[in-house]
Each structure stands twice: as structure tokens, then as C-alpha cells.
């Protein structure tokens, strides 16, 4: 068809110009793009709750946990840790009691072990979880040098080398902490309702710390700390153990009830609890339950044990502590492999080391050996946790980097399982010079015990025949608790048996003893022990005494919730700690006192504190109270401003102080300003034995009775001489 016409006439219509056509096309495209943007581009969502920038103000509303083991290197001693799940992003935080990633010359490391599916039987087995992924962060001078994500196959068990590199993660740090962000799409088997996260910090030189409760979607947890009260129970009812329930991450409006405590116990043992349940709040985050037992029908020397399995709570409940064991009436008359160690008291010898052992879990403190009726026995006590184990990795600064693209330089040493290993070399017959030469003996047998997290994972025996040959038909008996282990082995021929003991780990570090003889015994020296029972604290006089800060106490006054103790008895082991920051304080009460007058003088303290960048001010106050902690009467106080460190001194003067019968001395520390700081106490190391000293009586206070006695003696002697002269 041609152009349109009117009544036979052709009507010509003008064509649009080229410019008009181009503008029309452009307009149509613009409209199409706009419509597509509206239809297919999702609207922007809310901003991320956490910015990964090394500044931690945006974590202020996130519940924090503070339950972790203590490392002697404060830069890897975990102070606080937290998690936040936001849509498809998991945010993680950790801070140290010193400076996070604070190694000035090498690297420190922090690992976030993520049990993505909440199933302890899948992934890498560590600290009660099955880690499906791990985020490794390392660095120094408070800066991140590298951050990497790895995943574990479901059947990894304890084999660290099974991990595979994964996606990138974001990480940033400063002295005050470390924060990490990872996409949940990069976490194998991730379950938003069931995941758990544990934290591990390491200086790669032997010092490490680990969390005691796992982070989870609940953003809170309850930790049950278990403590033995006595090694012997009587024929009646005897308090055996203490359960200290702690609320972690509890909010101001929450009340968490802990109830339905579950136990494993020796058959026939009867349990009774001081309370069937406790309620925890932010104002009272801790409470204690005493578990008493009665053992009818048991014989003297029998062993009974109780294990706390868990309890019911509003949030996940974790148990820290091993089985509690005790003898009935009195210890056994000879050495038995029963997980109780009083029968080694007179047999152990101290271990001496030419060079300090950095890892307390490998540092042998004392050990012993014995033989009887074709059986060899041994015992070992370490400074930390027996068979504590760790993550088998060590990072050293080098110019070369091996990794998946993160910044920084490192050489990763060979990996293996993170178990600790106890090796017992036994020279059964001193007259036989054949065997493996170690420490001056020729070992015929090698007992190897492996473990991690304080648990025995394997035991084996080998015999020497031009090399160690594993013996499948020989077994070793062994029992342990937190810091001790004992074992026995049937040996056909024993003649002046000697042993050497070595504690080691995946990196072949550790401690080796000198040989110790294993004398034959009939019945060992009887250790006099009596059943323990709760009796009122002993009455003390304190003038001139040094009182050590302790982790436990029997009172909890309203103005000093969470009160702790003061005792003339030093602490043991690694000790414990409290964090002091805005709004926090710590109170310590002595045992009940007898009436006395403490003379005028300086009341002093020696405090072991974490090191901080900016000075921290603490208000230190001494006082006396009634037996229940009420009725405070101030003695003296002052301000301690410090950058932290061991044995930080404080003193304040006071006139004479009259202490009445059944009163207590109180020490209170209040955070006044500056950096967050941690107080270490109740340990046996110089870095965790904080103490106070009560004024020492002057010479006049002590000397008058002696002076009077000397005058009397002088008069008597003078009279005798006079009489002799007169005669």
C-alpha cells in the first residue's frame, strides 16, 4: 500500500528528523532501564550492626562472656568474647587481659572454632564441640597480619591437618580487642539455630587460653564450676563438692533458673543438695550449691565418685571440672589406681628444670614411682592441666608467606593432632644394659598416654627390641584429675626398677625428669586424714599477717555481691582473675577474727594486674565488717594509678584498729577510670598471688612481755650473785 491520499490526491507526510528518532529511542531505553531497576534491583536493607574497623563501641549492646582459662602471657589470656548473628553474617569478638595480638616481635593468634551444625560428633573435636570451620587470625603490635577461614570434613576427629582453606573473612584489631565477620554461606553445615563457637588464643611459644563456655544463638550461657571439698567422706553425711553456677551474658531484665542437676555417681552413694535450684540475675550472677553424700555399706578405703553432667537452664549449660572422688573413712592401705593421690604424698620427688617450661600443662612439678608384686606404678603432677592439649599450629614471622591471599608473612610448621603426650620410660631391670638409653637408664618399656581437653584419648605400651615395638596384648591402667595422673603396668621381672618421665606435645616441647627409683612397697606410710565437714571458719588474729586474695568465700553481702576471700594460705595452680572496668568492683573478706587491736601503721597491698596502654585508676579501700559482711567500718583508702604488671604496690595509713570477735577484714577495689584492667590472684605463680599485709606490731607491742621476763631473770640472777658473795 502506498502513501495515504485524499480524493485521489497524494498527501505527503514529513519523515521525523534523525535527531527526533534518536531522542525517542533514548527515552524508551531510559524508561525500560528505570522499570527494570524497580522490578529487579532489591531495595537497600538496614546498615550492618557491626563495622569491622578495630573500634568496638558497636559491640556495647552485645552480651559478653568472661569465662576462660588463664594464660601467664596476658596478651593471649582471654578476657571477654561474644558473637552476633545478623541475617547471613556472623560477627565474632574477643579481647585479652593484656593487649590483643600484642606480641611486639612475633605473632599472637586467636582462633574461632565454629561448630556450625551444633553436632559434637562432626568436624574437628575440640573442647566439647565438633568444629566444622575455624577462623584463624594472627598478628602483632595489636594489628591483624592475616585472617583465614578453613573448613573440616565431618570425620576429622582430632586431626587438625584435615582442614581445607575456604573463603576470605574480614578482621580488624586494636589493643582492646579483635572483631571478625564471616558469611554464613561460607560455613559448611551452618545451622542458625544450633551453631556454637569456642575461642582459643595462643602466643605460639607455650602460653594459651581457651573459652570455657560456647557462644551460641542464645547469646547467653550458664557455667557450672565444680570444686572438690574433701578427699575423705565419713560414715555420715559429708559435703563432697561445690557447684558454682555463673551466668554469662545475662541482661538486666533476665532471671535464669538453674535446676534439675544431673549426676553420675558410684552405685549405693546417696546425694543431697543444699538447694534444688538457684536463680541468677545480673545483680547476682553467681550462686553456690553444696552436694553432700552418704556412703552406707562401704568399707574403709573404698573410693566413691560423683560427676556433674549438667543441669536445666534458660540458656545452654556448660560444666567445668572433672569427676570428684573421695575415700570412705580413710585412704587405702596401699597404692591403688583410683584417681586419688594421697598415697603418693611421701613417695613423690620434686622436678627441677634448668630452664623454665613455658607451657604449664607440660611443666612437671613432682613425680614418683613404686613397685609391688610384679606391678610398676607411677604418678605425675603438672602445674596446669594434665593432658590439656591445644591447637597444633605455630606461626613465625618470615619474609615469605604461605596462605590463601591474606596479607602478612608466615611459615606454618607441620601440623598434627593437638594432643599432649605423657611418656613413661621404665627400666625394669637395672642389671640389664639393653634398652633405650634416656636420662641414664636403659628403658625396656614405654608407656604412652595421649589426651586433650583434660581427657585421656589413648593409652599404649611398647617394648624395646632394637626399636620400640607396640604391644597389643599389654594394657596400662591410668586415672587422672585436673593436674595429676597415676598409672600401673604388669611387668614380669622387676629388679631395682627406675623410670624417666617426659611430657610433650605435637611440637616436641615439654619437660623431662631425671630418673627416679621405684622402690617395692608393702603398705605405704599411712596419711592421717579425717572426714571433712562444714564447720565454722577458724578464728584468726591478723596483725602482721599477709593475707592472700582467694577465689572462694562463704558470705555474699548486698553491697559486695560476688565477694571473694582473704586467707593466710597461698593459692595453688594458675589461679583466677576478675576484670575491673566501668561500674565493676571486687570485694575480698577475711575469715572470722578473734578480738585484737591492730597497731597503727600502713595497710598495704601487692596486686598482680594485666598491663594496659593507658593508666588505670583503682580505688583501694580497707575496712572491717560484721561476720556477715554488714556494718562496714572504714580503716583507710586511697587511689592506685598504674599501667599494670606484677606486684603493683599500694598502702594507706591508719591509726590503731580494734577488731571485735567474729568480725572480718574487708578489701574492696573499685574501678575509677582509664583502661580495662584484670586482677590475677589465688595462684602459686608470682603473676597471680595478689596479697595484702596488715600492719606489723611495733617492737613495743611485742617487746614488753619479753622485756619484763628479762627484768625478772635479771633480778633473780642478781640476787643469787649477791647471796653467793655474802656466803
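FYI, it's all coordinate maths here, none of it is from the lab. None of the values given here were measured: they were computed from a predicted structure. Here Cβ is always computed from backbone atoms with ideal geometry, including for glycine, and neighbour counts include all displayed protein chains.
Taking every C-alpha pair closer than 8 Å and separated by at least 6 residues, the mean separation divided by the residue count of region 104-170 gives a relative contact order of 29 percent. Net length available on complete extension from residue 191 to residue 490 is 102.7 nm, with 0.36 nm assigned per residue and the Cα-Cα distance removed.
Computed from label points 7 Å out along Cα-Cβ, the spacing between residue 641 and residue 154 is 6.1 nm. Averaging over all projection directions, the Cα-based convex hull of region 57-210 occupies 8.3 nm² in the image plane. If you take the beta carbon distance between residue 205 and residue 25 as r and set R0 to 51 Å, what does 1/(1 + (r/R0)^6) give as a FRET efficiency, to the nearest 0.05? E(calc), rounded to 0.05, equals 0.15. The residue 602 and residue 286 beta-carbon pair, evaluated with R₀ = 25 Å, returns a calculated FRET efficiency of approximately 0.15.
Between residue 619 and residue 55, the modelled labels are 3.1 nm apart [label points 7 Å from Cα along Cα→Cβ].
If the chain between residue 259 and residue 47 were fully stretched, how many nm would it gain, using 0.36 nm times the residue separation less the Cα-Cα distance?
Numbers: separation 212, 0.36 × 212 = 76.32 nm, distance 4.04 nm.
Stretched fully, the residue 259-residue 47 segment lengthens by 72.3 nm.
Put in line by how crowded their Cβ is, counting other Cβ atoms within 10 Å and starting with the fewest, 179, 276 read 276, 179. Taking 35 Å as R0, compute the FRET efficiency from the Cβ-Cβ separation of residue 581 and residue 272 and round it to 0.05. According to the calculation, E is roughly 0.35.
Site pair residue 355 and residue 572 shows an inter-label distance of 3.0 nm when each label is modelled 7 Å from Cα along Cα→Cβ.
Could you pull out which residues in region 367-391 have an amide N less than 15 Å from a spot 7 Å beyond the Cα of residue 508, following the Cα-Cβ vector? It comes to no residues whatsoever. Here the relative contact order of region 221-328, from alpha carbon pairs under 8 Å that lie six or more residues apart, stands at 39 percent. In region 342-517, what percentage of the DSSP-assigned beta bridges are antiparallel, given to the nearest 5? Percentage antiparallel, nearest 5: 95.
Between the alpha-carbon centres of region 185-218 and region 277-333 there is a gap of 27 Å. Compared with the direct C-alpha span, the chain from residue 632 to residue 433 gains 64.5 nm at full extension, assuming 0.36 nm per residue.
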